[in-house]
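Novice: If you scroll down you'll find the structure; I have some questions about it.
Rule-based calculations on the coordinates, nothing more; no lab input. Everything numeric here is computed off the predicted structure, so don't read it as measured data. Backbone-built Cβ (ideal geometry, glycine too); neighbour counts: all protein chains shown.
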Amino acid sequence: MKRIFTRISVLAAFCLLTINVALAQNITVKGKVIDGGDKTPLPGVSILIKGTQTGTQTDVNGNYSLSAPANATLVFNFVGYTAFEQAVNNQTTINVSMASSTQQLEQVVVVGYGTQRKIDVTGSVGTVKGEDISKQASVNAISALQGKVAGVTITNNGAPGSSPQITIRGTGTIYGNTGVLYVVDGVWYDDISFLNPADIENLSILKDASSQSIYGIRAANGVVLITTKRGTKGQAAITYNGSVGYKVVTNQIEMANATEYATLINELSASSGAAKLFANPESYGVGTNWYNQVFRNALQTNHQLSVNGGGDKSTYNFSLGYTNEDGIVKKQNYQRYTAKLSNDFQILAPLKIGYTVSGTAIKSNDIPSSIFRQLYAAGPVVPVYYADGTYGDANDFSLGGGNNFNPQATIDFFNQKSLNYRLNGNVYAELTIAKNFTFKTSLGGDFGQNEVRAYIPVYKATQGQQSTQSQLDVRREETRNWIIENTLTYKNTFGAHNLTVLAGQTAQRRKSYFLNATAFDVPYSSDGDLYLTLGSADKRSVTDGGALTTYASYFGRVNYSFKDRYLLNATLRADAASQFFGGGDLWGYFPSVGAGWVISQEDFMKDQTVFNNLKLKASWGKVGNAGVPINPTTLTVTQNGGYVAILNGIAYTGKNVSTLVPSFLNWERTTGTDIGFEAAFLKNRLNIEAGFYNKRTEQAIFEIPVLTSIGTSSGNQIGNQADFQNRGFEFSATWRDTNESGLAYSISGNLGYNKNKVLSVVTGNNPIYAGGAGLSNGGLATRTIQGGAIGEFYGYEVAGIFQNPAEIAASAQKGAKPGDFKYVDTDGNGIINGNDRIVLGNPNPTYSYGLSANLAYKNFDLTVDIQGLAGVDVYNANIASRFGNENFTKDFYDNRWHGEGTSTTYPSVNLGTTANSAPNSFYVEDGSYIRLRNVQLGYALPSLLVNKWKMQRLRFFLDAQNPVTLFGYKGFTPEVGGTPTNAGIDANVYPLQATYRFGVQVTF
């Protein structure tokens, strides 16, 4: 990989040397912009130098003045008018007459294998501009989508460099790969952690089956199309974007202090008849706040340098990026280096070729996955260090095994580093044939290497935290993926007819390989001297494995419109995937059809003044899911030491079939139906879009339980087990305007409603249980059953708290104690057992919404984003996840039952493995929230001033991400992800944090 990056550097340096960055002499251009119809002045018209962010606006009289290169091109934009470009050509006066236009009709939307005018789109496609993404302090571009698109929910992990979880119109699949498909410049990816958000030009989210079906086998969970920035014709523009900021934990959980903790543990001891553990709780005072000890305000810096330009025959775009982000946990750090180069060449009039190549290097200092649990559970009576400098030891306080650790020691002796190298991109050629035909061929690749090295030294920090033998673990993963695509497009307009026909073919190969190696007794002198060969030769171990999948696809699409009034879109894709070879339908077929009626284009609408645009649309389609493990129908055997038999003194190794596989596996298919409308009012200043969808997943693949008594090890078998649906509606509205004073502003809002339901299950009414994370009594908190939602919370309904023995004697819980939960006997048989459990909540959000505002006045600009979820529940597994004397929250201390009449809602401290920790309604909380997602204030220095400094633009900004989140949940954050049947269970998630930045953007 080092050689690869060296070659990239050499190539980049060569390209930069060939770039003419000499700046042309600027001249002052003045003029007036008027309406082409009534000749009235147009105030607030945006005027930009093409290929840059340098520009100005017309005043109340339509006049403007701008310093621009003599050979530049000016771009004029105004709401409700057709964009207009004018070459300067050394002119000092340029007056412009702008023609009124239905803006919505002409807006271009990126769709699968091409673009369409928005008015021609019959499916549901959400679009976000790259400039909107870059205004947020998000290292991953998907994180910046929160609240931007109706029907799309984003769950952020919070850890530096982590990939957010994106869900489009509810859960699309349950088993295997549940993520969306990312298509970046034509190459398919499972994640885009390698991509610098500043390199993105625009992003499209394909939400309905009609628009997704062109990607057949991978579209079941939605498709995100990303177009990165490419070169533009004009002089070289050098742009630097930089920011520095810090992150701080918000909504930090307040834990019981040392005195309160000692009081609680004494109560716990008393409940079991044991002696008090702490004779004088008050003597411990406040004690150690473990969160404050390990958390920190984390520094974040980001730098990006790009060069953009080109001539008549070629264009280029080159960028370098560097991100350095500390985690909120001490020692945690994430660094990412990115380089991207793209070139387009017009070789001949009909022939265009180009390429994009990007390289990414990521290195991180990791933290133990258990640290947040330790910070929650650690006893505050334990000091961080004793007076002699040794670590405070929970064993000295007889706290038992549940929290026999010192979190500071955990951090200090944890030594794990990760390295990730990635090289990807594509090369294409596009040939125009006989005017109406365009043939395009492209080859793309994604090559990555990930390394994780963990080292445990010989040490003794506490009684429970020590190692008498060093251990070195190394894991290496490699990915080698490529994709070849060929398309032939016919496009023609004859009379009032517009026809576009696309035919294509795709071949893909995805290969992965991993190697795990472990060695003991490895000495340590420095991180650079850690080698497996230095360990004991007789204690080394190596395991490896991999996967290889191949795909073949053929697809076609027809787009037809008549008089820009009647629209038709039809698609068919055929896919074959190696996972299904020999054990299922090798080929899957995914058709779709969409239709639209632009009512505002009808003759009977010509004289009306209400609608500038009104379109009805409907679509239907099928998509598939190939994201299942390789060879799912191949029966394998296991061989290990447990199967060795000794016969006549000779050892014979046996084998065993320990898993069950289906004999046949069908494609998982999702069928979607959409009905909606688009409307524009008041000279296109108000745009509204709304729609209803019904998405049905058929023959869904997931696991069902089988008896382990027959010899299986997993207790599950996969198969086509169920059908389920997501049904809902979406609404979005945008108002854009510019007033006479020159204030340009836009306000956008969106709302999504989704209801998830299991329609049928092969096992009938036999439920599928999951969600055991954090449950100390072995219970399972989620259930999936016919008629309910996927992974809904399931358990006992709490009616109150037992206050005395008399209440217990009169109840169905004869074995309870005062202070225990009082459960509802739902079946009325006088016994509390599993049959009394009910649905307690739903981790699948019902509502998602967002609100955005953008204002620009003279040189100031302001952006505000708000987003939230409603109708969603979270299971707080932290409270009852205890195996000894773990700490409690301050909320629990203040409200707990500790004697008759002290509480009717909170139990006593007697939780843990008792019936009190069984899944019940006490642990299910409302996960709704509303968040000020982002606010940014910017100021660009006047053009006349920065031009004197040989700059085109200089802008400063301040912003805040997640500064305010309002919610009622008692954890760090209600933003809790998880796999479909384990979603929404908070077993110590990464805490929510706010980010505050100062930045500068400068263009030369």
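Novice: Can you name the residue in segment 447-469 that is charged (D, E, K, R) and free of Cβ contacts under 8 Å to residues at least 40 places away in the same chain and is also nearest to Ser525 (Cα to Cα) among such residues?
Specialist: Let us first name the residues in segment 447-469 that are charged (D, E, K, R), namely 451, 453, 460.
Of the ones still in play, those that are also free of Cβ contacts under 8 Å to residues at least 40 places away in the same chain are 451, 460.
Values: Glu451: 21, Lys460: 18 Å.
Looking at the filtered set, the residue picked out is Lys460.
Novice: Return the pair list, or none, for Cβ contacts closer than 6 Å from residues in segment 402-429 that are under 30 Å from Ile484 (Cβ atoms) to residues that are among the hydrophobic types (A, V, I, L, M, F, W, C) and assigned to a strand (DSSP E or B), at least 6 apart or on different chains.
Specialist: If the second residue must be among the hydrophobic types (A, V, I, L, M, F, W, C) and assigned to a strand (DSSP E or B), the pairs left are Asn420/Ile362; Tyr421/Ala361; Leu423/Phe447; Gly425/Val357; Asn426/Val187; Val427/Leu443; Ala429/Ile353.
Novice: Quick one: is Asp575 in contact (Cβ under 8 Å) with a residue 40 or more places away in the chain, surrounded by 14 or more Cβ atoms within 10 Å (Cβ to Cβ) and assigned to a loop (DSSP other than H, G, I, E, B)?
Specialist: Working: in contact (Cβ under 8 Å) with a residue 40 or more places away in the chain: yes; surrounded by 14 or more Cβ atoms within 10 Å (Cβ to Cβ): yes; assigned to a loop (DSSP other than H, G, I, E, B): no.
Spelling it out, it is not the case that Asp575 is in contact (Cβ under 8 Å) with a residue 40 or more places away in the chain, surrounded by 14 or more Cβ atoms within 10 Å (Cβ to Cβ) and assigned to a loop (DSSP other than H, G, I, E, B).
Novice: Still on this model: The conditions are (1) in contact (Cβ under 8 Å) with a residue 60 or more places away in the chain; (2) assigned to a loop (DSSP other than H, G, I, E, B); (3) under 15 Å from the mean Cα position of the chain (by Cα), and Gly176 fails exactly one of them. Which is it?
Specialist: Gly176 satisfies all of (1) in contact (Cβ under 8 Å) with a residue 60 or more places away in the chain; (2) assigned to a loop (DSSP other than H, G, I, E, B); (3) under 15 Å from the mean Cα position of the chain (by Cα) except (3).
Novice: Against the conditions (1) in contact with a strand residue (DSSP E or B) (Cβ under 7 Å, 6 or more places away or on another chain); (2) within 30 Å of Asp564 (Cα to Cα), where does Ile484 fall short? Just the number, please.
Specialist: The failed condition is (2).
Novice: Can you find a residue that is surrounded by 23 or more Cβ atoms within 10 Å (Cβ to Cβ), more than 19 Å from Glu698 (Cβ to Cβ) and of a type in the set (D, E, K, R) anywhere in segment 229-240?
Specialist: No, segment 229-240 contains no residue that is surrounded by 23 or more Cβ atoms within 10 Å (Cβ to Cβ), more than 19 Å from Glu698 (Cβ to Cβ) and of a type in the set (D, E, K, R).
Novice: Contact list please: Cβ distance under 6 Å, first residue in segment 431-443 and in contact (Cβ under 8 Å) with a residue 40 or more places away in the chain, second residue buried (at least 17 other Cβ atoms within 10 Å of the Cβ) and assigned to a strand (DSSP E or B), pairs at least six apart or on different chains.
Specialist: Thr432/Thr438; Thr438/Thr489; Phe439/Leu488; Lys440/Glu430; Lys440/Thr487; Ser442/Asn426; Ser442/Tyr428; Ser442/Glu485
Novice: Let me confirm something: among Ser193, Ser138, Ser162, which residue is under 30 Å from Val329 (Cβ atoms), assigned to a loop (DSSP other than H, G, I, E, B) and touching a helix residue (DSSP H, G or I) at 6+ places or on another chain (Cβ under 6 Å)? Spell out how you get there, then give the answer.
Specialist: Numbers: Ser193 fails: touching a helix residue (DSSP H, G or I) at 6+ places or on another chain (Cβ under 6 Å); Ser162 fails: touching a helix residue (DSSP H, G or I) at 6+ places or on another chain (Cβ under 6 Å).
Step by step, each of Ser193, Ser138, Ser162 is checked, and only Ser138 is under 30 Å from Val329 (Cβ atoms), assigned to a loop (DSSP other than H, G, I, E, B) and touching a helix residue (DSSP H, G or I) at 6+ places or on another chain (Cβ under 6 Å).
Novice: Same structure, new question: Name the residues in segment 397-428 that are of a type in the set (A, V, I, L, M), over 22 Å from Arg475 (Cα atoms) and within 32 Å of the chain's Cα centre (by Cα), would you? Break it down stepwise before answering.
Specialist: First, the residues of segment 397-428 that are of a type in the set (A, V, I, L, M): 399, 409, 411, 419, 423, 427.
In the following step, the residues that additionally are over 22 Å from Arg475 (Cα atoms) were identified as 399, 409, 427.
Passing the criteria: only Val427.
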